[in-house]
1. Let me confirm something: among Lys191, Lys206, Lys115, Lys176, which residue is in the same structural domain as Ala279 (by TED's automatic domain parsing) and exposed (fewer than 15 other Cβ atoms within 10 Å of the Cβ)?
2. Filter region 76-92 down to the residues that are part of a loop (DSSP other than H, G, I, E, B) and in contact (Cβ under 8 Å) with a residue 40 or more places away in the chain and list them by number.
3. Regarding region 67-75, can at least one residue be identified that is part of a loop (DSSP other than H, G, I, E, B), loosely packed, with under 12 Cβ neighbours inside 10 Å and of a type outside the set (Ser, Thr, Tyr)?
4. Can you tell me which residues in region 328-357 are of a type in the set (A, V, I, L, M, F, W, C) and modelled with pLDDT of 95 or more?
5. Pick out the one residue from Lys191, Lys176, Lys206 that is charged (D, E, K, R) and under 23 Å from Leu343 (Cβ atoms).
6. Say we look at region 239-281 and pick out the residues that are of a type in the set (Ser, Thr, Tyr) and closer than 18 Å to Thr194 by Cβ; which of these is modelled with the highest pLDDT?
7. Starting from residues that are among the aliphatic types (A, V, I, L, M) and in contact with a Leu (Cβ under 9 Å, 6 or more places away or on another chain), keep the ones in region 119-138 and report whichever is surrounded by the most Cβ atoms within 10 Å (Cβ to Cβ).
8. Which of the residues that make up region 243-264 are small (Gly, Ala, Ser) and not in a loop (DSSP other than H, G, I, E, B)?
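The values are calculated or read from the model by the stated rules, or taken from the named source; none is laboratory data. This one's a predicted model, so the numbers in the text were calculated from it and none came from an experiment. Heads up, the Cβs are rebuilt from the backbone with ideal geometry, glycines too, and the neighbour counts pull from every protein chain shown.
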Amino acid sequence: MQTAAYRSILVVVTRRIGDVFLSGALLRSLKRAWPQARLDMLVFEGTEGIARTHPDVAQVITVPMRASLAENLALLRRLWRRYDLALSTSPSDRPSLYAWAAGRRSVGIMGTGAKHLLKRMMLSQTVPFDQLATHSLALNLRLAAALGIEPTHELPLAWSAEDEHRLAALFPGYGKTRYAVLHPFPKFRYKMWTEQGWRQLAVWLKQRGLAVVVSGGPDAAEREYVAKLFTGEDAEVVDLVGKLAFPELAALIAGATVYVGPDTVASHLAAATGTPTVALFGPSNPVVWGPWPRDWKDEPSPYVMRGTQRRGNVALVQGAGDCVPCLHEGCDRHLESDSECLLTLPVARVTEAIDSLLRATGRDA
């Protein structure tokens with residue numbers, strides 16, 4: 001049962017960009033429970049762009065991923081007991097410390113065992129961490145349950161008319177033509193599909209009468225990859241890599257006939273818009289990291305560990321092999337490793353998933 005009315009709340013999500021986006025359901029749950037409360041976020045520098053798509057957040061505070069002792073001490077002084085309630089979505093040391101310092105009451109997700117004992121003592125309340133059998137979104141919502149509030153599984157998105165106007169200037173077909181969005185470049189190589197697969201998919205989509213729009217971030221490596229990827233008349237695309245802020249990307253995907261991408265934040269965003277979403281998965285655990293389908297409410301996860309599967313507006317296409325998912329960072333166990341299960345994923349598996357998903361969602365091209 002809900003026992004307090006909080007006027008100020010801090011949610012600490014000092015993790016990767018996908019974690020920041022998936023915290024949106026917790027944020028919406030908090031705002032519905034305490035609509036008058038000021039709701040702030042603390043995130044790592046470089047992830048604040050996606051945090052600003054959360055319409056319930058008043059302020060986004062950032063901290064360097066590798067903050068110095070002086071930077072951490074300055075942040076702790078700035079946060080000290082500033083909030084009625086502070087929540088940590090990670091069992092790691094720093095977010096737990098930030099939540100303890102910031103909140104007159106602090107609640108966090110926490111591991112078991114002796115190494116977490118001090119953090120469990122610091123925080124007012126903890127809920128158990130699970131990195132295997134519970135989706136990240138559902139795990140965050142355990143914090144809502146601990147607070148005695150009704151959870152919502154909605155991942156709200158916000159963009160403005162100005163965002164749409166800028167998008168239309170970059171892509172005149174926006175709102176006027178049927179198009180697919182491809183997001184070929186994940187942050188880490190071990191999540192990457194093949195260049196040939198993306199080229200063949202682009203040609204196939206054009207043959208189906210869809211314009212092909214390519215999205216991506218501003219990093220030089222990503223821009224270079226896409227520039228080399230789509231060459232020649234048959235693979236002509238609308239290249240928006242590095243040109244869109246997250247609200248504009250959300251608007252673009254929301255207007256698409258279909259989206260295809262790897263295990264990356266853009267795929268989570270696509271699923272949340274309700275657009276038919278095809279997500280390409282290899283080593284990653286789909287139970288924890290599969291894109292949460294719009295309007296999906298079942299817990300602890302929409303997905304099972306193995307196999308290609310469709311849930312709501314999402315088709316999750318998993319690479320083949322007895323080792324899949326291995327839950328490691330590629331075959332060589334590091335971020336820049338290849339993943340054989342994705343390198344051998346044929347384009348026919350992806351086009352079959354698109355056809356099936358479009359028929360199921362009534363958007364058959």
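1. Lys176
2. Of everything in region 76-92, those that are part of a loop (DSSP other than H, G, I, E, B) and in contact (Cβ under 8 Å) with a residue 40 or more places away in the chain turn out to be Arg82, Thr89, Ser90, Ser92.
3. For region 67-75, residues part of a loop (DSSP other than H, G, I, E, B), loosely packed, with under 12 Cβ neighbours inside 10 Å and of a type outside the set (Ser, Thr, Tyr): absent.
4. Answer for region 328-357, where residues must be of a type in the set (A, V, I, L, M, F, W, C) and modelled with pLDDT of 95 or more: Cys331, Cys341, Leu342, Leu343, Leu345, Val347, Ala348, Val350, Ala353, Ile354, Leu357.
5. Unique residue meeting the criteria: Lys191.
6. Only one residue tops the list, namely Ser267.
7. By that ranking, first place goes to Leu137.
8. Hits for region 243-264 are Ala250, Ala251, Ala254, Gly261.
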